[in-house]
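First, the structure itself, so that you have it in front of you.
The values are calculated or read from the model by the stated rules, or taken from the named source; none is laboratory data. Since this is a predicted model, take the numbers as computed values, not measurements. Neighbour counts run over all protein chains shown; Cβ positions are idealised from the backbone, glycine included.
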Amino acid sequence: MNREIWRIALPAIIANVTVPLLGLADTAIAGHLSRTEGAAYIGAISVGAMMFNLIYWNFGFLRMGTSGMTAQAYGAGNVSDQARLLRSSCGLALLIGMCILVLQWPLQWLALWAIGPSQAVRDLALSYYYIGVWGSIPILVMMSLKGWLLGMQNSTYPMAISIGVNVLNIVVSVLAVYVFRAGFKGIAVGTVVAEYVGLLISLALVWHKYRDIVRRVRWRKLFDFTGAGKFMRVNADIFVRSFVLMLVTLFFISVGARSGDMILAVNALMMQLFTLYSHFIDGVAFAGEALVGKYYGAGNRKRLALCVRQLFVWGCGVMLVFAVAYALFPEPIYSLLTSDAAVVSAAMDYRWWCVAIPVAGMAAFVWDGVFIGLTASRPMLAAVVAGAVIFWGSFLLLPTDMGNDRLWLAFILYLSLRGLMLTALYRRHARGN
């Protein structure tokens, strides 16, 4: 079982680690554009990324819903369902991507209204957004393709796609900023170029290995979702869940933005460390999506139970590595992200919250992978809603003189409750089956 888990998890972790490295690289490029205005540039990257997260997070079902259902079809040996899910997911992704391009102006207005950054940060973030939005179609279609590949027990191809896209993104961004003197906008140019190249790579890889399944797809009915009732129901639950997650993160960022550029920059650095951890622990969760879905689809309850137990063993290992690293080396890590000494000094005041993040969040991440594999989307939604209520409730009830610590304590409570509630819901689900 451990070999099966790491056959999926290791390529997923390698792929995922390039994602936060991209965020770290963008933050580092922005942070080094100026020694005196580093906080504004870092804040603009944070706000620009948040603007896209407000959009893309809501469509995370394109990957999650696709992976769980495809894994079950794989376990059951149903090739027709595998082909249908590929068509439905890609068609939905393309349709959503086109809508985002059409609605890009009202979407940016709504996002900036919600985040509320300073004028200096707002202007920089808009210059980033209006370039980056043209990558919406390849981003969403690649979500679908990665989810489908993971469901087919293939995390190697998503690894190749992610590495290629993110390395190219960093290279083109550095060239655009420092060689072609595009300034802050060069970061967004690198992102869009890499995303279109990545989509071409993704399509080529899927055709190379799965051409027999691709030939079964009725591409003329790309936007016909007849018979995709379960796919839409699961995705609707995940959509609402993602929307609530987005609201929590939006609130988190907006509170920091309204606390001044320095707190915004500090929280942006710390959230990058949260993102780094989340992409490592997500490698374990991705293995859960693929393997739990496969065993559930095949009706093998014994292997499913063993898989869940071992996923948590490895999840605890990842948690300990990050908690120790964040406890022992906070200042060197912050210094890698910015040359602004004031931002580093301010971030050190909150370093212990970075240590708490892996401990509080591990169970929630691993359970998400398990429940996606089971396509049990309703318990995932319930846990996130309950966690969000705790987050907002505790923030309102905690003393205001706690400052930024008040926000971080509420966030840790939110992560912890999600994990505890999913544990209880899985036990009830297991008894019911």
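When you look at Ala265, is it crowded, with 20+ Cβ neighbours inside 10 Å and either free of Cβ contacts under 8 Å to residues at least 12 places away in the same chain or closer than 26 Å to Ile333 by Cα (or both), yes or no?
Numbers: crowded, with 20+ Cβ neighbours inside 10 Å: yes; either free of Cβ contacts under 8 Å to residues at least 12 places away in the same chain or closer than 26 Å to Ile333 by Cα (or both): yes.
In short, yes.
For every residue, the table says whether it meets (1) buried (at least 21 other Cβ atoms within 10 Å of the Cβ); (2) touching a strand residue (DSSP E or B) at 6+ places or on another chain (Cβ under 8 Å); (3) under 30 Å from Gly260 (Cα atoms).
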position: Asp282; (1), (2), (3): yes, no, no
position: Gly288; (1), (2), (3): yes, no, no
position: Leu291; (1), (2), (3): yes, no, no
position: Tyr296; (1), (2), (3): yes, no, no
position: Asn300; (1), (2), (3): no, no, no
position: Leu320; (1), (2), (3): no, no, no
position: Glu331; (1), (2), (3): no, no, yes
position: Val343; (1), (2), (3): yes, no, yes
position: Tyr350; (1), (2), (3): no, no, yes
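Of these, Leu407, Leu413, Leu381, which one is in a helix (DSSP H, G or I), under 24 Å from the mean Cα position of the chain (by Cα) and closer than 23 Å to Gly65 by Cα? Steps first, please.
Values: Leu407 fails: closer than 23 Å to Gly65 by Cα; Leu413 fails: closer than 23 Å to Gly65 by Cα.
Within the list Leu407, Leu413, Leu381, the selection yields Leu381.
Oh, and also: Condition first: in a helix (DSSP H, G or I) and either among the hydrophobic types (A, V, I, L, M, F, W, C) or surrounded by fewer than 24 Cβ atoms within 10 Å (Cβ to Cβ) (or both). Now tell me which residues in the stretch 140-156 satisfy that.
From the stretch 140-156, those in a helix (DSSP H, G or I) are 140-151, 156; that's our starting set.
Residues satisfying the conditions are Leu140, Val141, Met142, Met143, Leu145, Trp148, Leu149, Leu150, Thr156.
So, of the residues in the stretch 173-222 that are among the small types (Gly, Ala, Ser) and not in a helix (DSSP H, G or I), which turns out to be surrounded by the fewest Cβ atoms within 10 Å (Cβ to Cβ)?
Step one: list which residues in the stretch 173-222 are among the small types (Gly, Ala, Ser), which gives 173, 176, 182-183, 186, 188, 190, 194, 198, 202, 204.
So of that shortlist, the ones also not in a helix (DSSP H, G or I) come out as 182-183.
Working: Ala182: 17, Gly183: 14.
Going through the qualifying residues, I end up with Gly183.
Suppose we filter Val366, Val321 for residues that are assigned to a helix (DSSP H, G or I) and out of contact with any helix residue (DSSP H, G or I) (no Cβ under 6 Å at 6 or more places or on another chain); which single one remains? Give the steps one after another, and end with the answer.
Details: Val366 fails: out of contact with any helix residue (DSSP H, G or I) (no Cβ under 6 Å at 6 or more places or on another chain).
Being assigned to a helix (DSSP H, G or I) and out of contact with any helix residue (DSSP H, G or I) (no Cβ under 6 Å at 6 or more places or on another chain) holds for just one of Val366, Val321, which is Val321.
While we're looking at this one, here's another question. On the basis of being farther than 25 Å from Phe52 by Cα, modelled with pLDDT of 85 or more, part of a helix (DSSP H, G or I) and not basic (Lys, Arg), does Val240 make the cut?
Details: farther than 25 Å from Phe52 by Cα: no; modelled with pLDDT of 85 or more: yes; part of a helix (DSSP H, G or I): yes; not basic (Lys, Arg): yes.
Judged against the criteria, Val240 is not a match.
Are any residues in the stretch 89-107 closer than 22 Å to Phe184 by Cα and buried (at least 19 other Cβ atoms within 10 Å of the Cβ), and if so, which ones?
Selection gives Leu107 alone.
List pairs: first residue in the stretch 152-172 and more than 17 Å from Gly186 (Cβ to Cβ), second residue of a type in the set (D, E, K, R) anywhere in the structure, Cβ distance under 6 angstrom, at least six positions apart or on different chains.
Pro158/Lys146
Report the residue count in the stretch 290-329 for those that are small (Gly, Ala, Ser) and under 15 Å from Asp368 (Cβ atoms). Spell out how you get there, then give the answer.
Applying the first criterion (small (Gly, Ala, Ser)) to the stretch 290-329 yields 290, 293, 297-299, 305, 315, 317, 323, 325, 327.
With the extra rule that they be under 15 Å from Asp368 (Cβ atoms), the set shrinks to 290, 293, 315.
Selection size over the stretch 290-329: 3.
What tally of residues in the stretch 287-320 results from selecting those that are closer than 23 Å to Ala360 by Cβ, of a type outside the set (Lys, Arg) and without any contact (Cβ under 8 Å) to a residue 40 or more places away in the chain?
3
Hey, another quick one. Could you tell me which of the residues Ala194, Ala160, Ala182 is small (Gly, Ala, Ser) and more than 19 Å from the chain's Cα centre (by Cα)? Working first, answer last.
Numbers: Ala194 fails: more than 19 Å from the chain's Cα centre (by Cα); Ala160 fails: more than 19 Å from the chain's Cα centre (by Cα).
Residue meeting the stated conditions: Ala182.
Sticking with this structure for a sec: Please work out which one of (1) modelled with pLDDT under 90; (2) surrounded by fewer than 24 Cβ atoms within 10 Å (Cβ to Cβ); (3) under 21 Å from Trp314 (Cα atoms) is the condition Asn2 fails and give its number.
It fails just one condition, (1).
Condition check: among the aromatic types (Phe, Trp, Tyr), within 15 Å of Leu86 (Cα to Cα) and buried (at least 18 other Cβ atoms within 10 Å of the Cβ). Does Phe252 satisfy that?
Considered against the rule, which asks whether it is among the aromatic types (Phe, Trp, Tyr), within 15 Å of Leu86 (Cα to Cα) and buried (at least 18 other Cβ atoms within 10 Å of the Cβ), Phe252 comes out as no.
Taking the options Ala49, Ala76, Ala71, name whichever one is surrounded by 18 or more Cβ atoms within 10 Å (Cβ to Cβ), farther than 23 Å from Arg122 by Cβ and of a type in the set (A, V, I, L, M).
Unique residue meeting the criteria: Ala71.
Quick check on this structure: which one of Val313, Val324, Val355, Val343 is at pLDDT 95 or above and hydrophobic (A, V, I, L, M, F, W, C)? Talk me through it step by step, then tell me what you get.
Values: Val324 fails: at pLDDT 95 or above; Val355 fails: at pLDDT 95 or above; Val343 fails: at pLDDT 95 or above.
After applying the criteria, what remains is Val313.
While we're here: Against the definition (in contact with an Asp or Glu (Cβ under 7 Å, 6 or more places away or on another chain) and at pLDDT 90 or above), how does Ala71 come out, yes or no? Steps first, please.
Numbers: in contact with an Asp or Glu (Cβ under 7 Å, 6 or more places away or on another chain): yes; at pLDDT 90 or above: yes.
Taking the combined requirement at face value, the residue satisfies it.
From the set of residues in the stretch 6-21 that are under 23 Å from Ser173 (Cβ atoms) and crowded, with 23+ Cβ neighbours inside 10 Å, which is modelled with the lowest pLDDT?
So the first thing to find is which residues in the stretch 6-21 are under 23 Å from Ser173 (Cβ atoms), and the list is 14-21.
Checking which are crowded, with 23+ Cβ neighbours inside 10 Å leaves us with 15-16.
On the way: Ala15: 85, Asn16: 79.
Looking at the filtered set, the residue picked out is Asn16.
Whether any residue in the stretch 199-214 is among the small types (Gly, Ala, Ser), over 30 Å from Ile42 (Cα atoms) and in contact (Cβ under 8 Å) with a residue 40 or more places away in the chain is what I want to check.
Within the stretch 199-214, the first condition is being among the small types (Gly, Ala, Ser), and the residues that meet it are 202, 204.
When the remaining residues are screened for being over 30 Å from Ile42 (Cα atoms), the result is 202, 204.
Those left that are additionally in contact (Cβ under 8 Å) with a residue 40 or more places away in the chain: 202.
There is at least one residue in the stretch 199-214 that is among the small types (Gly, Ala, Ser), over 30 Å from Ile42 (Cα atoms) and in contact (Cβ under 8 Å) with a residue 40 or more places away in the chain.
Pro117 - would you say it is outside any helix (DSSP H, G or I), within 25 Å of Leu250 (Cβ to Cβ) and touching a residue at least 40 places away in the same chain (Cβ under 8 Å)? Working first, answer last.
On the way: outside any helix (DSSP H, G or I): yes; within 25 Å of Leu250 (Cβ to Cβ): yes; touching a residue at least 40 places away in the same chain (Cβ under 8 Å): yes.
Against the criterion (outside any helix (DSSP H, G or I), within 25 Å of Leu250 (Cβ to Cβ) and touching a residue at least 40 places away in the same chain (Cβ under 8 Å)), Pro117 qualifies.
Give just the number: which of (1) in contact with a Gly (Cβ under 9 Å, 6 or more places away or on another chain); (2) free of Cβ contacts under 8 Å to residues at least 40 places away in the same chain; (3) closer than 19 Å to Cys90 by Cα does Phe180 not satisfy?
(3)
Here is a further query. Have a look at Gly283, Gly288 and point out the one that is in a helix (DSSP H, G or I), closer than 18 Å to Asn154 by Cα and within 15 Å of the chain's Cα centre (by Cα). Break it down into steps so the answer makes sense when it comes.
On the way: Gly288 fails: within 15 Å of the chain's Cα centre (by Cα).
Answer to the selection: Gly283.
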